Amino acid sequence: MANPTDIPFTPDLHLRLLLSIDRGHNVARAVRAAVKPGARVLDAGTGSGLLALLAADAGATEVVAVDRHHVKTAERIAAHNGFADRITFVEADLADLDPADLGGRFDVLIAMIHTNNPLLDEDRSGLVIDLRRRFGTPDCRVMPGEVCYRATGCERLDWDLPTELTDLAQAGEALHGAYGWDFAPLIDAVADGVAMRSARPAKGVAHAWRSPTRSGALRFPRGDVRLLTGTTDWTTVDYQAPGFDGFPGQVRLTATAAGRLTGVIWTQQLRYADVPLWTSESYSPLAVPQLVAEGQEVVFETAGRWRTTNILRHHQPT
């Protein structure tokens, strides 16, 4: 079954991404900074082909654009705008390709393949570094150059994990009363995905064909949350580093106000040359909400079950 937090890269999503005008401007500046005249560029996960067009327009002698879906549409867009002779489109999974299949190594790797959720992007960060190793020249530039993660504890006011789980249990009782059978396996399957489905700001994934005033960030409305801790720099993934060992196994926060801590908002920021390209937020609920006092330190596990359930549990010192 597909992960509920994953984003299906459908044509309508590509259109909505293009309509994120300020995001597009940020990315365009980064591509022009990364691509020097004469460079050979690999656009990994080209989508609509926008970044391949930008790379060609920045002076790349050759751009190879690879994706598993909708490649024909991107190819038609490129041809329609006069770039057919400078961009080669390949419909394939990058994991199945060899540099020889693409004509050699690349001076620039464009890898905007993030899903705006740390639970999924941990693996994608590893993939980006692997792509640079397999397809890049020794001094290959990667765009984005790094991904920064910050964590802030909060009380989320628009949604509560214990309340939804209670409602689900009552739904199971209602089904038992109506049909005389126990639908616990179905209720359990739905409950397993509850925290995953709550990870994204609901308004951020709704269809909107008109470009919003600001779209360079995907954030929870501040009317829906009350921040209770300071913001911690959790980890930064450097795409020029030799490798990637994965995310830390815990997050440590200090309360700045008293209240009922229900979860953590993760802020993910894609950057190139220290310039933010795209900022997004996702949410992980606590298994058990906790009352905190100002100055109190709390530590949560970010290994094991968090990666599969999106539910944070208190760190138990050994």
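What the table below lists for this structure:
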item	result
Within region 235-286, considering residues that are of a type in the set (D, E, K, R) and in a strand (DSSP E or B), the one farthest from Leu17 (Cα to Cα)	Arg260
Which numbered condition Arg134 fails, given (1) assigned to a helix (DSSP H, G or I); (2) closer than 30 Å to Gly259 by Cβ	(2)
Inter-residue pairs, beta-carbon under 6 Å, first more than 21 Å from Pro201 (Cα to Cα) and in region 95-118, second assigned to a loop (DSSP other than H, G, I, E, B) and small (Gly, Ala, Ser), 6+ apart	Asp107/Ala39; Val108/Ala39
Residue check, Pro317 at pLDDT below 95 and within 25 Å of Arg23 (Cβ to Cβ)	no
Search result, residues across region 68-118 that are in a loop (DSSP other than H, G, I, E, B) and small (Gly, Ala, Ser)	Gly82, Ala84, Ala92, Gly103, Gly104, Ala111
First in region 22-34 and assigned by TED's automatic domain parsing to the domain that holds Ala56, second anywhere and of a type in the set (S, T, N, Q) and surrounded by fewer than 21 Cβ atoms within 10 Å (Cβ to Cβ), Cβ under 8 Å, 6 or more apart	Asp22/Ser215; Arg23/Ser215
Per-region count, region 24-43, residues assigned to a strand (DSSP E or B) and aliphatic (A, V, I, L, M)	2
Of all residues making up region 249-284, the number that are farther than 20 Å from Gln316 by Cα and β-branched (Val, Ile, Thr)	5
Filtered residues of region 137-172 (kept if touching a Leu at 6+ places or on another chain (Cβ under 7 Å) and either among the charged types (D, E, K, R) or not in a loop (DSSP other than H, G, I, E, B) (or both))	Cys140, Val142, Val147, Ala151, Thr152, Gly153, Cys154, Glu155
Out of Val71, Val66, sole residue that is surrounded by 23 or more Cβ atoms within 10 Å (Cβ to Cβ) and either at pLDDT below 95 or under 30 Å from Arg200 (Cα atoms) (or both)	Val66
Of all residues making up region 264-318, the number that are hydrophobic (A, V, I, L, M, F, W, C), more than 13 Å from Arg252 (Cα to Cα) and loosely packed, with under 15 Cβ neighbours inside 10 Å	6
Any hit, region 247-257, residues being touching a residue at least 24 places away in the same chain (Cβ under 8 Å), within 30 Å of Val31 (Cβ to Cβ) and within 15 Å of the chain's Cα centre (by Cα)	yes
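The values are calculated or read from the model by the stated rules, or taken from the named source; none is laboratory data. All of these numbers come straight from a predicted model, not from anything done at the bench. Cβ sites come from the backbone with ideal geometry, for glycine too, and all protein chains shown count toward neighbours.
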